[in-house]
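Report on the following structure.
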Amino acid sequence: MSSELPVPAAYLRVSTQRQGQSGLGLEAQRSAIIALVGSFGFHEFVEIESGKKSARPELKAALAYCRKHKTKLIIAKLDRLARNVHFISGLMESGVDFVAADMPQADRFMLHVYAAMAEEEGRRISERTKAALAAAKERGVELGRNGKLLAKQNRSEAVEFARTITKEIDKLGLGVSGSLREVASALNDAGIRTRNGSHWHPTSIARLLKRID
């Protein structure tokens, strides 16, 4: 009878079929997981689904694999599971331990905190978008097509800002290989702020890097 321990399950998720076919985002996630587990290997489960949806057949299969083999679930980043505290809490109660490669030392409490921060940031972005559209409507701007153009422009500007910041990270000698906390601290020490003038945090660094996946 083999005494070898079962390899963990690795869960990778992208939001669109196009990303799945091109490998965009998947390779970065895979590299992060490989860096964590090293030569031990892992059993891979790939999901092509929006993070807002709770129906995840591949995640369900990955959890079943973990329960059967009494092993852990590995993810590259917490947002590859969800940006929803309730969803993350449900996984914590599922009986399967999971580890995020970008924060491997995070305990259950810290995972709750990071999930709550990500959910709150998403809520604030939604509120700012709604306020901007309402203000545009009051000015007589025809929404619909113009609203979509505004949203597209905002996304484009966010991606361009993300690329600019990654160049600054490289100049600081960290690259994206540094921990999220190290990168956030270095940017704050250099006086470089977020798009809205705030200090950087590990979660805001993770969101920024996701924009250029």
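A short reminder: the numbers here are calculations on the coordinates, not readings from a lab. This one's a predicted model, so the numbers in the text were calculated from it and none came from an experiment. Positions of Cβ are generated from backbone atoms using ideal geometry, with glycine treated the same way; all protein chains shown enter the neighbour counts.
In this label model, residue 188 and residue 211 are separated by 2.0 nm, measuring between points 7 Å along each Cα→Cβ vector. Within a straight-line Cα-Cα reach of under 20 Å, residue 70 can be paired with the following aspartates and glutamates, leaving aside sequence neighbours fewer than 8 residues apart in one chain: 4, 44, 58, 93, 97, 107.
Using a cut-off of 23 Å between Cα atoms, the listed pairs 77/167; 77/130; 68/210 include 77/130; 68/210 as exceeding that distance.
Between amide H atoms placed 1.01 Å from N, distances below 5 Å from residue 10 occur with 43, 44, 45, 74, all of them 5 or more places distant or on a separate chain. Amide H contacts under 5 Å for residue 97: 73, restricted to partners 5 or more places along the chain or on a different chain, H placed in the peptide plane at 1.01 Å from N.
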